[in-house]
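Colleague: One structure, pasted below without further comment.
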Amino acid sequence: MSDYNENDFDAVFDSEYDDSLTLTGVDSVEEQEELLGRIWRNPRSRRRMVRRVFNKAPKINSGRPTSRDDFQKRFGQLPRDTRKSLLNRKKQLVDTALYIVKDVSGNKIVKMLQDDDNKVIGKSNISGGKLEKGNYFILKGIQLLYGVASDTETFQDVNFTVLPDFMRNGEYEFVGNGSILIPSMSLEVFNTTGMDKRPGYYELVNPKMIETQQPMDFEIEWGTNAPAKAYVKAILYGTAVAKY
């Protein structure tokens, strides 16, 4: 822990995150004991630590955890340099909505994320089917929508809505980090017809951490060929690491 300077203590106490000690990158019990000992031996740091413990602002409970809460629980999965960048405010956690539109005309299977995908406004903000270098993402929810363009329209003109009946009888699977993160699941989970919620949105009970630069695969399959000029739009909601 010799690379951890006592001047960095302020970052621990001023952090906006609940578990700022994990962000120090000090993981072993021995190093943690040494860090706490060094803080406690410094009168100024000791007073700040006591204030943080006993005068911590109450956390607002919305009734269910947010993607930010889920991300903070997984701070320990991040590389040490990423954690320290969050602690020192070189990086931050941000709300994220990754999206991609695919043409499904005449098909009954589509890979929503592929290595030849490029960023195009209105079509996708994901390149190569993976997160950019240094980015980590907690997947909290998925929105899956469908639409058909007229003869004179493109995907840019489509008014997307919930999946039609013939698609909802299908299934999907999501792969990330070299593993199946969401095994085969019915597309019926995206049927929000008659519900007071975001159309086509499904919130994961078990959010998933997506690692940087790891290929993702989001495959959808159903039983009947889609009509001409049919499109599917997927939006991945959650929290990600980004530069300040």
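Colleague: With N residues in region 155-205, what two-decimal value do you get for its Cα radius of gyration over 2.2 N^0.38 Å?
Modeller: Details: Rg = 12.9 Å, N = 51, 2.2 N^0.38 = 9.8 Å.
Relative to the 2.2 N^0.38 Å estimate, region 155-205 comes out at 1.32.
Colleague: What is the distance, in nm, between label points placed 7 Å from the Cα along the Cα-to-Cβ direction at K73 and at R41?
Modeller: Placing both labels 7 Å beyond Cα along the Cβ direction yields 3.7 nm.
Colleague: Given 10 Å bins starting at zero, what is the percent of C-alpha pairs of region 124-179 in each, up to the one with the largest pair distance?
Modeller: For region 124-179, the binned pair fractions read 15, 37, 34, 13, 0 percent.
Colleague: Rg and Dmax of region 173-244 over Cα atoms: what are they, in angstrom?
Modeller: Final numbers for Rg and Dmax: 14.6, 46 Å.
Colleague: Sequence gap at least 6, Cα distance under 8 Å: using those rules, report the relative contact order of region 87-227 to the nearest whole percent.
Modeller: 33 percent
Colleague: Let me ask another. How many angstrom separate the Cα center of region 138-211 from the Cα center of region 95-133?
Modeller: Distance between centres, Cα-based: 13 Å.
Colleague: Provide the net charge surrounding S67, with neighbours chosen by a C-beta distance below 15 Å and charges set as Lys +1, Arg +1, Asp -1, Glu -1.
Modeller: Net of charged neighbours comes to +2.
Colleague: Given 4 °C and 1.567 mPa s, how large is the Stokes-Einstein diffusion coefficient of region 91-243 in µm²/s, with Rh as the Kirkwood radius over Cα pairs?
Modeller: Once the numbers are plugged in, D ends up at 82 µm²/s.
Colleague: Another question about this same structure. Name the residues whose placed amide hydrogens come within less than 5 Å of the amide hydrogen of L131, ignoring near sequence neighbours (fewer than 5 apart) on the same chain.
Modeller: Long-range HN contacts for L131: Q213, Q214.
Colleague: Please list, or write none, the lysines whose alpha carbon is within less than 17 Å of the alpha carbon of K84, excluding same-chain residues fewer than 8 places away.
Modeller: In chain and number order, the partners are K73, K133, K243.
Colleague: For a protection proxy built on the mean count of beta-carbon atoms within 10 angstrom, sort 219-228, 190-199 highest first, please. Write down the numbers at each step before the final one.
Modeller: Numbers: 219-228: 15.7, 190-199: 12.7.
Highest-to-lowest ranking by the protection proxy: 219-228, 190-199.
Throughout, read-outs are computed from the coordinates displayed, never taken from laboratory work. Keep in mind the model is a prediction, meaning the values are calculated, not measured. No Cβ is skipped: glycine too gets one built from the backbone with ideal geometry, and neighbour counts run over all protein chains shown.
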